[in-house]
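To keep things clear, I will list the structure first and then write my remarks on it.
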Amino acid sequence: MKDIERWIPERWDQIVGNNALKEYFWDMIWCVRKEGHRSGFNLLATGPSRTGKTSAITFGIKCLGCLNFDFETMNPCGTCKCCTLNHHLYGNEGWENVVDYEDEREVSTPVRYHYNPVDCTRLSEADLEDKLARIRVCNEDLRIIYLDEVHRLSRRFMDERLLKPLEDFPAIWIASSAYVKRDGDNGQPLDKMFQNRFTFRITTQLPNLDQLVIWLAERCHEWGIRVETPEVTLPRLAERCHQIPGMALQVLNKAHKRRSKLLTLAMVEEHTFDLDE
Ligand SMILES: [Zn+2]
């Protein structure tokens, strides 16, 4: 059963747009796996909902743990015990795994890899303290801490508690936020001091219309969705979804949930594409 709206790619070329995020992950994965880096890659990814932050981040985290990683293509194998773990954030306390990392001289080193996801939308102060206590272990292990929807912490003045750990803990901190700088936005701007703890600050990039049409055709093909007059329907979908891939996936999901598996122009025209802010 496909969960289309929470789809995670299996190869980098299945991610449309977001070139800066891809570049960040390729460099980070290389440096961590080949050169032994364990910190210095703090990332703050910002951009509106459904523009691909979580799927790119989740996929990048998977690449770090793959037991048969392909450095030519930078793609994971998709079948090892790490690739088949549930990487979704919710209902997930995180996990740890031992991964053999092979360096430039092809010497293999077993590395304990800890993944700690933090859902900032429903984190209490006690939860945060508890998480920080568990994360604070100084050794050669690889630690990835993913703070999802981090602006929710600043709204409750809890971001300050993270300033020191962000700087001092030997880990890779990845944060995402739907906050965009715009008047009338409900999101609280992230504190400058907090933002400065992240060396890499990347805003999601939308694909252009042509890229999005090709991507939609590939997804339909992959999921067995037939498209009525694709030369009209797919460009119209790309346009109506404000070029936001995750919004277009809602309509593909509707088509996939029909017995006929048929995507029609009428479905594209009838769907309401509401931006969150
Ligand atoms: Zn794998």
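The values are calculated or read from the model by the stated rules, or taken from the named source; none is laboratory data. Remember, predicted model here, so these are calculated numbers, not experimental data. Glycine also receives a Cβ, built like all others from the backbone with ideal geometry; neighbour counts cover every protein chain displayed. In case anyone asks, the SASA skips ligands and DNA or RNA and just uses the protein heavy atoms, side chains included. Shrake-Rupley method; radii C 1.70, N 1.55, O 1.52, S 1.80 Å.
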**Q.** Subset of the stretch 60-106 (residues that are more than 10 Å from the ligand (Cβ to nearest atom), at pLDDT 80 or above, touching a helix residue (DSSP H, G or I) at 6+ places or on another chain (Cβ under 8 Å) and not small (Gly, Ala, Ser))
**A.** Leu64, Phe71, Thr73, Met74, Asn97, Tyr101
Q. How many residues, within the stretch 140-170, are open to solvent by 50 Å² or more (accessible area, probe 1.4 Å) and closer than 26 Å to Gly47 by Cα?
A. 9
Q: Read through the list (1) open to solvent by less than 90 Å² (accessible area, probe 1.4 Å); (2) under 17 Å from the mean Cα position of the chain (by Cα), then give the number of the only condition that Val137 fails.
A: (2)
(Q) Step by step: first the residues of the stretch 140-179, then only those that are closer than 23 Å to Glu35 by Cβ and assigned to a helix (DSSP H, G or I), then the one that is nearest to the chain's Cα centre (by Cα). Which residue is that? (A) Leu166
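Taking the stretch 116-134 as the region of interest, how many residues are part of a helix (DSSP H, G or I) and among the polar types (S, T, N, Q)?
So the count comes out to 1.
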Q. When the stretch 50-73 is examined, which residues are found to be buried (at least 16 other Cβ atoms within 10 Å of the Cβ) and farther than 21 Å from Pro110 by Cβ?
A. Arg50, Thr51, Gly52, Lys53, Thr54, Ser55, Ala56, Ile57, Thr58, Phe59, Gly60
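Answer yes or no: is there a residue in the stretch 44-54 that is more than 14 Å from the ligand (Cβ to nearest atom), among the basic types (Lys, Arg) and under 13 Å from the mean Cα position of the chain (by Cα).
Yes, the conditions are met somewhere in the stretch 44-54.
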Q. So, of the residues in the stretch 60-88 that are touching a residue at least 12 places away in the same chain (Cβ under 8 Å) and touching an Asp or Glu at 6+ places or on another chain (Cβ under 8 Å), which turns out to be farthest from Asn19 (Cα to Cα)?
A. Leu67
Q | Every residue from the stretch 198-235 that is closer than 22 Å to Asn18 by Cα, part of a strand (DSSP E or B) and open to solvent by 80 Å² or more (accessible area, probe 1.4 Å) | A | Arg201, Thr203
